[in-house]
Amino acid sequence: MSLYYCYNDDLDMKENYNNIFGRIKQNISSNEDHEKASSLFGKPELEYEISDALFGQLEKMDEENTDGIDLNSLYKRLWLKIITREKESKSKKHRIYLIRAASIAALIAIGLIVGAIFTPLNQNSDLAFVTIVAPKGSISQVYLPDSTLIYLNAGSEIKYRMDHGDGNREVFLSGEAWFNVTKNQNKPFVVSTAYYNVKVLGTEFNVKAYENDKDVTTTLEVGSIEIISGEELSIQQPILIKPGEQISYNKLDRKIDIKEVNSSLYSSWKDNKLIFINKNFSELTDILERKYGVEIQVKDTSINKYHYDGTIKDESIFEMLNRIQSTLPIKYRIEEQKIIIEKK
């Protein structure tokens with residue numbers, strides 16, 4: 001069984017969220033309650049209503065004697081992290097919405113919510129998973145039950161077992177994510193991609209594994225990681241990666257490359273900043289589509305051979321396109337809600 005947190009525009013906006021969560025927690029809910037609760041997650045327009053309902057239920061849990069779950073210490077530890085990040089965001093206006101929305105996503109994603117509120121859904125299942133999705137045009141922040149922090153880039157998803165932290169610490173990634181893994185010598189943390197897996201004890205690193213990209217890339221910032229065999233790639237011996245190194249696996253020629261890089265450039269996206277250095281134009285359009293949630297069509301394929309240097313921070317998609325067309329021999333137009341790029 002899986003819990004899948006995504007968008008559902010059919011939700012009745014006037015439903016009493018607090019009552020829904022309360023009934024689920026008390027195990028007196030209906031299937032409709034569970035469906036509505038799952039559909040709430042990831043809806044930015046419902047952020048404040050959902051947060052109030054969740055906080056209310058968490059406060060009640062904090063006062064109750066719930067067997068098998070240390071709600072008090074876990075709730076306080078995660079709450080402190082969220083409050084700290086929201087305070088930091090106040091001096092950065094462009095990050096306020098991102099951080100606030102991410103804080104709600106964090107509370108939703110952690111095992112506290114999944115394990116305590118949604119347990120009635122999965123009491124007899126050993127294969128229960130939680131899936132977190134960052135739709136195109138958004139970045140999500142997630143705290144796992146072991147307090148590991150994950151930033152999930154646009155157009156990405158992760159999946160993990162509901163007992164994450166109690167047994168194996170493993171997440172399954174499709175897309176791109178940055179990890180700050182809580183150290184636990186006895187329980188290594190594994191990020192599984194469609195090709196290779198990343199094994200860590202406690203560290204900070206970025207994994208980029210979009211299905212349509214030609215490369216699967218892992219960049220290490222702090223600590224150490226091992227690259228081990230995955231579903232589509234057999235590695236005879238673990239490959240040890242050091243801070244400042246990046247390992248890439250090319251899906252087409254099936255070759256592995258390791259090089260030294262400025263690792264911060266590859267995780268700047270989590271701070272709502274993208275840095276391009278000699279970026280291939282076809283890769284650039286893929287990134288723009290994911291970041292802004294738009295569709296881009298390149299009329300002349302020779303344009304894809306162009307390369308671009310630049311930075312995206314607070315710019316809109318149109319500001320970014322105007323900047324690109326001022327440096328490259330291209331022009332753009334809007335046609336039926338699609339961005340068409342042509343040669344000048």
Please report the Cα spread of segment 216-324 along all three principal axes, rounded to whole Å, starting with the longest.
-> 47, 29, 22
Cα-centre dipole for segment 273-343 with unit charges at Cβ (Lys and Arg positive, Asp and Glu negative), debye to 20 = 160
At the level of C-alpha centres, the distance separating segment 142-214 and segment 273-317, in angstrom, is 26
Net charge near residue 265, counting Lys/Arg +1 and Asp/Glu -1 over other residues with Cβ under 15 Å of its Cβ?
-> -2
Descending packing, highest mean Cβ count within 10 Å first, for 302-314, 189-201 is 189-201, 302-314
Take the Cα coordinates of segment 160-267, assign each an equal point scatterer, and use the Debye formula without solvent to give log10 I(q)/I(0) at q = 0.10, 0.11, 0.12, 0.14 Å⁻¹.
-> -0.25, -0.30, -0.36, -0.50
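Only the coordinates and a few stated rules stand behind these numbers; no lab work does. Note that this is a predicted model, so its numbers are computed, not measured. All Cβ positions, even for glycine, are placed from backbone atoms using ideal geometry, and neighbour counts span all protein chains on display.
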